[in-house]
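Asks: Quick one: the structure is below, and I'll ask about it shortly.
The values are calculated or read from the model by the stated rules, or taken from the named source; none is laboratory data. Just so you know, these numbers come straight off a predicted model, no measurement behind them. Note: ideal-geometry Cβ built from the backbone for every residue, glycine included; neighbour counts use all protein chains shown.
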Amino acid sequence: MPPSHSRIRRIPHRLWLGASLALIALLLALCSLSYLVYRDWRDEQQDNLIQEVLWLEQSLRMHLEAHQEWGDALARDIAAGKVDSRRFAQLAAFYLRENPELVTLERIGMDRQVEWDPHGLRRDERQLGLPEYDAVWRAGRLLRNSYGAPYQGQDGKYRFDLAIPIVHDGRLLGGLRLSYQLDALLYHQVPWWIASKNYISIIDLGGKTLAQKFDAAEQPGNISHQTSFDPPGYGLYLRAVSYRSGLGLTLPVLTVVIALLLLTLLYAVWRIRRHMRERLLAEQRLAKEVSLRQAIEDSMKSGLVAIGLEGEIVRVNRAFCDMLGFAPEELVGSHPPHPFWPADQHGVLADAMDAVRDNRQPEQGFELTLMRKRGDTLVVRLFATPLMEEEGGQRGWIASMFDITERQRQRKEMDAAHSRFLTVLNGLAAGVCVVDEGSAQLLYANPGFAELWQVGDADAPCCVLLPGLKAGEGEDIGQEFIVTGERCLLIRRRRIEWVNGEAAWLAILSDVTADRRREEREQAQQERFQNTARLIAMGEMASTLAHELNQPLTAIHTYAAGVSRRLPEELALPAGVRDAIHAIAEQSRRAAQIVSSIRAFVKKHEPQLERVDPARVVQRALGLAEPLAAKNAVGLQLAADRSPCRVDMDPVLIEQVLLNLMKNAIEALVEAGTPRPGVELHTCVENGQWRVEVVDNGPGLAAGMQDNLFTPFYSTKPEGMGIGLNICRSIVEFHRGEFGAVSSQEGGCVFWFSLPLAGVEES
């Protein structure tokens, strides 16, 4: 260490030693003299204060006794009937003006009601509260003047009441109530020469100040005296505290001594001043450095804590305190276990501190659980480094920590969402996969895809060859059908951007084999129905044409035969006329034979039927009609009779009849725009007949429509041929059944037909 530095260190010790001795001598002299002078002065001040307090208490008592005498005289006059409400108001107003400390002067009745006040007769029936009625109640019980306990008025200031009973011939008529405000009483009754020297107040037994009078420019001293304030009593005290005042010219003797001591100190102070300048400059530089470091620490969002060699906390920054909710004073100096250690984490945190001491800190830091002051916990990531001194020794460790609670919560929520997403994808019957567009490598596949595409392990790296998923081919969205053996697969594809930013295909693979087969069955059934309908329509048209053409042909043949008979044989006719007439007759006969043949071909004959369960026929027809009903949002319900029965029928024809009736009902509901449309299919067995009814909730049959329902080529639909119902009726009659249509009472239309049960005709 340089000699100049050691000299600078020794100088303050000698200077402070001399200055301290001089100051001690001066202090002892001043204290001795001051004590003697102060004791005499205090005794004199105390005696003067006691005299003034006693005088003031006697003055206040005499003032209140004068009010009692005046009140007694007024009460006697009221009892004698000399004073009415008007006179009372005049006297009260005058007395209140003369005595500003009085708040009010009232006459109180026996029922606590205010009868008279300074304004005269009171008619609002106001009643006194319990604190205000206390003095009146006491005066009425004792039949003498009484004071009430102090209470707070509506303005928040303390008051006390004087109550004087009004007695006439020994009977209590009520009382007079004089209400005093303590602040006003002191303000008007304490003389100025007392108030200018003392702080005057009225206190209760608990020391609470109820009223006071003081000079705001003066400061109360420590000399005080108090005496009981009775009346009104109730533990009130009149207290006076003298203001601070100087001692005067009481220290001339010490002037010379003080001057000598001050001269002695001047030299020491001059020397100390130069030293203090140097020290102040150093302290200023140190303060700037400390302030800069403190600002840097407080500006950091991560918490910093300095830990001593024994694990005690030496210093914390603002972020650390904000993170845990503790004040720095609550943390600095605490030893393990610290206040922010959860009870169930003491072992984990102690092991972490041991790892820091042994320099076994993980590369990613420690992930620890701490507890805030309000009781909740947070998760932090902590990193620690040794705190070294200039000499090379270690003072402890500096640890920084980051709050990762929210980040951990988000990671858990993301993992849970990812797990839920994978659970949904893995639970799908459809196969889902993601294929790289360039390499066709399988990036993701769910178990459904592995099962449908027969991939052994969906997570194993492999390349799949799906149609339409090659780079640069196809549109961004599309679909393909693949037939593999007996299965038919539908691939829906969409070009997406994968998580790594590369282009990929998202493909959804569905097994539509059952749907395809159902559609093929429906299409075949529809074609059979159309063929049957065409054949039946052709038969009906042929029968109708045969019936309509038979009469014209018969007339032609009759006219030709008649002309031929009427022409005489000897009549000369142009060549070929007779041959033409014979040809006309022959050709008309031949045409009639052709029509008769056609008519005979389409003529009804005994059908070749088979005995079946009608319930199965109904179910097949219902299955064919359900797609049409679902497409048009029409409810389709079956109300079947569970009674077992057998019917001789052609199942295909009866299915076509049921399908045609349900199709007509659905189309009628859609065309009418019926809200909540519905079709019901009822079956029942009664009277040896199997009866079927197709009921809808549409508008029903219009007037005159029912008569033309079964007329050939009559239709209410723009594109209808008018032969559907006629064909249905023909099929039913072909089975020896009945067919009809009626309007429902609840609205809508009912088409029905019935077929005989098997064995009924034979019996």
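Asks: When both residues are 6+ apart or on different chains and their Cβ atoms are under 6 Å apart, which pairs have a first residue that lies in region 166-180 and is in the same structural domain as Glu106 (by TED's automatic domain parsing), and a second that is aromatic (Phe, Trp, Tyr) and surrounded by 24 or more Cβ atoms within 10 Å (Cβ to Cβ)?
Replies: Tyr180/Phe160
Asks: For region 371-410, give me each residue that is farther than 15 Å from Ala319 by Cβ, assigned to a strand (DSSP E or B) and not basic (Lys, Arg).
Replies: Met371, Thr377, Val379, Ala384, Thr385, Pro386, Leu387, Met388, Gln394, Gly396, Trp397
Asks: Follow-up. Tell me, yes or no, whether region 308-317 has at least one residue that is part of a helix (DSSP H, G or I), in contact with a Pro (Cβ under 9 Å, 6 or more places away or on another chain) and of a type in the set (Lys, Arg).
Replies: Restricting attention to region 308-317, the residues satisfying the condition of being part of a helix (DSSP H, G or I) are none.
No: region 308-317 contains no residue that is part of a helix (DSSP H, G or I), in contact with a Pro (Cβ under 9 Å, 6 or more places away or on another chain) and of a type in the set (Lys, Arg).
Asks: Yes or no: region 129-147 includes at least one residue that is surrounded by fewer than 19 Cβ atoms within 10 Å (Cβ to Cβ), assigned to a strand (DSSP E or B) and modelled with pLDDT under 90. Can you show your working first?
Replies: Restricting attention to region 129-147, the residues satisfying the condition of being surrounded by fewer than 19 Cβ atoms within 10 Å (Cβ to Cβ) are 129-131, 137, 141-144.
Subsequent filtering for residues that are assigned to a strand (DSSP E or B) retains none.
Among the residues of region 129-147, not one is surrounded by fewer than 19 Cβ atoms within 10 Å (Cβ to Cβ), assigned to a strand (DSSP E or B) and modelled with pLDDT under 90, which makes the answer no.
Asks: While we're on this one: How many residues does region 720-739 hold that are modelled with pLDDT of 85 or more, surrounded by 17 or more Cβ atoms within 10 Å (Cβ to Cβ) and touching a helix residue (DSSP H, G or I) at 6+ places or on another chain (Cβ under 8 Å)?
Replies: Residues that pass the stated criteria total 2.
Asks: I need the full set of residues from region 148-164 which are part of a loop (DSSP other than H, G, I, E, B), free of Cβ contacts under 8 Å to residues at least 40 places away in the same chain and of a type outside the set (S, T, N, Q), in order please.
Replies: Asp155, Gly156
Yes/no per residue for (1) under 17 Å from Gly308 (Cβ atoms); (2) acidic (Asp, Glu):
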{"residue": "Pro342", "(1), (2)": "no, no"}
{"residue": "Arg360", "(1), (2)": "no, no"}
{"residue": "Phe383", "(1), (2)": "no, no"}
{"residue": "Gly393", "(1), (2)": "yes, no"}
{"residue": "Asp403", "(1), (2)": "no, yes"}
{"residue": "Arg409", "(1), (2)": "no, no"}
{"residue": "Ala416", "(1), (2)": "no, no"}
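Asks: Let me ask something else. Give the residue that is modelled with the lowest pLDDT, with candidates limited to residues of region 740-763 that are in contact with an Asp or Glu (Cβ under 7 Å, 6 or more places away or on another chain) and under 22 Å from Arg611 (Cβ atoms).
Replies: Looking only at region 740-763, we keep the residues that are in contact with an Asp or Glu (Cβ under 7 Å, 6 or more places away or on another chain), and these are 748-750, 752-754, 758.
Subsequent filtering for residues that are under 22 Å from Arg611 (Cβ atoms) retains 753-754, 758.
On the way: Phe753: 92, Ser754: 93, Ala758: 84.
Out of the qualifying residues, it is Ala758.
Asks: Restricting to region 259-314, and then to whatever is out of contact with any helix residue (DSSP H, G or I) (no Cβ under 6 Å at 6 or more places or on another chain), free of Cβ contacts under 8 Å to residues at least 40 places away in the same chain and surrounded by 15 or more Cβ atoms within 10 Å (Cβ to Cβ), can you tell me which residue is nearest to Gln394 (Cα to Cα)?
Replies: For region 259-314, the residue satisfying everything is Glu312.
Asks: Residue pairs, Cβ under 8 Å, 6 or more apart or interchain, first in region 618-632 and assigned to a loop (DSSP other than H, G, I, E, B), second of a type outside the set (D, E, K, R). List them.
Replies: That search, which allows pairs on different chains as well, returns Asn632/Ile666; Asn632/Leu669; Asn632/Val670; Asn632/Pro677.
Asks: A further question follows. Condition first: polar (S, T, N, Q), within 30 Å of Gly438 (Cα to Cα) and at pLDDT 75 or above. Now tell me which residues in region 479-537 satisfy that.
Replies: Step one: filter region 479-537 for residues polar (S, T, N, Q), giving 479, 484, 500, 510, 513, 523, 525-526, 530-532.
Subset that is within 30 Å of Gly438 (Cα to Cα): 479, 484, 500, 510.
Of everything in region 479-537, those that are polar (S, T, N, Q), within 30 Å of Gly438 (Cα to Cα) and at pLDDT 75 or above turn out to be Gln479, Asn500, Ser510.
Asks: Quick check on my filter: what residues within region 315-358 are of a type in the set (Asp, Glu) and surrounded by 15 or more Cβ atoms within 10 Å (Cβ to Cβ)? Lay out the reasoning, then the answer.
Replies: Filtering region 315-358 for residues of a type in the set (Asp, Glu) gives 322, 329-330, 344, 351, 354, 358.
Once the filter is applied, which keeps residues that are of a type in the set (Asp, Glu) and surrounded by 15 or more Cβ atoms within 10 Å (Cβ to Cβ), region 315-358 yields only Glu330.
Asks: Does region 117-130 contain at least one residue that is more than 21 Å from Leu172 (Cβ to Cβ) and touching a strand residue (DSSP E or B) at 6+ places or on another chain (Cβ under 7 Å)?
Replies: yes
Residues are listed down the side, and each one gets a yes or a no for (1) within 46 Å of the chain's Cα centre (by Cα); (2) surrounded by 17 or more Cβ atoms within 10 Å (Cβ to Cβ):
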{"site": "Ala639", "(1), (2)": "no, no"}
{"site": "Ser643", "(1), (2)": "no, no"}
{"site": "Leu653", "(1), (2)": "no, yes"}
{"site": "Leu659", "(1), (2)": "no, yes"}
{"site": "Met662", "(1), (2)": "no, yes"}
{"site": "Thr674", "(1), (2)": "yes, yes"}
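Asks: Which of the following residues is over 30 Å from Leu304 (Cα atoms), in a strand (DSSP E or B) and touching a strand residue (DSSP E or B) at 6+ places or on another chain (Cβ under 9 Å): Leu443, Leu425? Reasoning before the result, please.
Replies: Numbers: Leu425 fails: in a strand (DSSP E or B).
Exactly one of Leu443, Leu425 is over 30 Å from Leu304 (Cα atoms), in a strand (DSSP E or B) and touching a strand residue (DSSP E or B) at 6+ places or on another chain (Cβ under 9 Å), namely Leu443.
Asks: Go through region 676-696 and give me each residue that's under 23 Å from Ser743 (Cβ atoms) and crowded, with 21+ Cβ neighbours inside 10 Å.
Replies: Hits for region 676-696 are Pro677, Val679, Leu681, Val692, Val694, Asp696.
Asks: Okay, moving on. Could you tell me which of the residues Val114, Val103 is surrounded by 16 or more Cβ atoms within 10 Å (Cβ to Cβ), touching a Ser or Thr at 6+ places or on another chain (Cβ under 8 Å) and over 21 Å from Gly170 (Cβ atoms)? Give the derivation first.
Replies: On the way: Val114 fails: touching a Ser or Thr at 6+ places or on another chain (Cβ under 8 Å).
Of the residues listed, the single one that is surrounded by 16 or more Cβ atoms within 10 Å (Cβ to Cβ), touching a Ser or Thr at 6+ places or on another chain (Cβ under 8 Å) and over 21 Å from Gly170 (Cβ atoms) is Val103.
Asks: Would you check which residues across region 410-446 are modelled with pLDDT of 85 or more and acidic (Asp, Glu) and list them?
Replies: Matches in region 410-446: Glu413, Asp415.
Condition check ((1) of a type in the set (A, V, I, L, M, F, W, C); (2) at pLDDT 85 or above) across all residues:
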| site | (1), (2) |
| --- | --- |
| Leu263 | yes, no |
| Arg271 | no, no |
| Met276 | yes, no |
| Gly308 | no, yes |
| Asn317 | no, yes |
| Gly325 | no, yes |
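Asks: Here is a further query. Among the candidates Ala268, Ala306, which residue alone is among the aliphatic types (A, V, I, L, M) and within 25 Å of Glu389 (Cβ to Cβ)? Working first, answer last.
Replies: Working: Ala268 fails: within 25 Å of Glu389 (Cβ to Cβ).
Exactly one residue qualifies, and that residue is Ala306.
Asks: Would you pick out the residues in region 57-98 that are in contact (Cβ under 8 Å) with a residue 24 or more places away in the chain and either touching a His at 6+ places or on another chain (Cβ under 7 Å) or basic (Lys, Arg) (or both)?
Replies: Hits for region 57-98 are Arg61, Ala79, Arg86, Ala89.
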